[in-house]
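The structure that follows is given in the form of structure tokens.
Computed from the coordinates by the stated procedures, all read-outs in this text should not be read as laboratory data. From a predicted model like this one, the values you see are computed outputs, not experimental measurements. With ideal geometry, Cβ positions are generated from the backbone for all residues, glycine too; neighbour counts draw on all protein chains shown.
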Amino acid sequence: LEQTFVMIKPDGVQRGLIGDIVSRLERRGLRLVAAKLMQVSRQLAEKHYEEHRDKPFFGELVSFITSGPVFAMVWEGQGAIAVVRQMMGKTNPQEAAPGTIRGDLALSIGMNVVHGSDSPESAAREIALWFGGETPLKYERSMDRWI
Ligand code: GTP
Ligand code: MG
């Protein structure tokens, strides 16, 4: 089963949106296999967003991600990577469709509430980066056969 890395950014934590976002992913049928509330170091933030190193907003992005606790998670399910991306909506919340996390809960591109891996390669890299050493739990829920 596919796994994806999802992070509720500092704005989502500060605004009390952890429960709403976790609930959406649970109700979709995805299974939570790892999670932690944590303060991100500058080093981890720069590594996580290294593909954006040369972008003009990189400094702002790293400052924002390190500005308060984030809620880091691994979710599992059929097509989990694409499903979460679709549920998140477009990067710019003003273009994100209603019904998506960003389309329902955010307004500005700099504070768009949530991150999700954008490809199988990113998911593998990000899960190793954020949860390296920890093994995501393997377990079954009795409802999984209905999903
Ligand atoms: P992530 O899941 O956070 O990686 O978002 P994404 O994959 O939808 O977008 P992308 O990887 O292209 O950009 C990473 C993050 O950088 C975005 O989520 C935004 O928070 C931020 N970002 C992108 N473009 C801008 C910008 O023009 N200004 C600012 N301040 N932030 C931006
Ligand atoms: Mg991205």
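Looking at segment 102-144, which chymotrypsin sites (Phe, Trp or Tyr not before Pro) are in a loop (DSSP not H, G, I, E or B) and have at most 13 other Cβ atoms within 10 Å?
Qualifying residues, ordered by number: Tyr139.
Something else about it: Around Met38, what is the net charge, scoring Lys/Arg as +1 and Asp/Glu as -1 over all other residues with Cβ under 15 Å from its Cβ?
It works out to a net charge of +2.
May I ask you to order 94-105, 42-53, 77-88 by the average number of other C-beta atoms within 10 Å around their residues, highest value first?
Top of the packing list down: 77-88, 94-105, 42-53.
For every helix of n ≥ 4 consecutive DSSP H residues, a contribution of -39,500 (n - 2.57) applies; sum these over the chain, divide by its total residues, and give [θ] at 222 nm rounded to the nearest 500 deg cm²/dmol.
-10500 deg cm²/dmol
What GluC sites (Glu not before Pro) does segment 102-147 have in DSSP loop regions with at most 15 other beta carbons within 10 Å?
Sparse-neighbourhood loop GluC sites (Glu not before Pro): Glu134, Glu140.
Any chance you could count the Lys pairs in segment 2-136 whose alpha carbons are under 19 Å apart, treating pairs 8 or more apart or on different chains as valid?
Pairs that pass both the separation and distance tests number 6.
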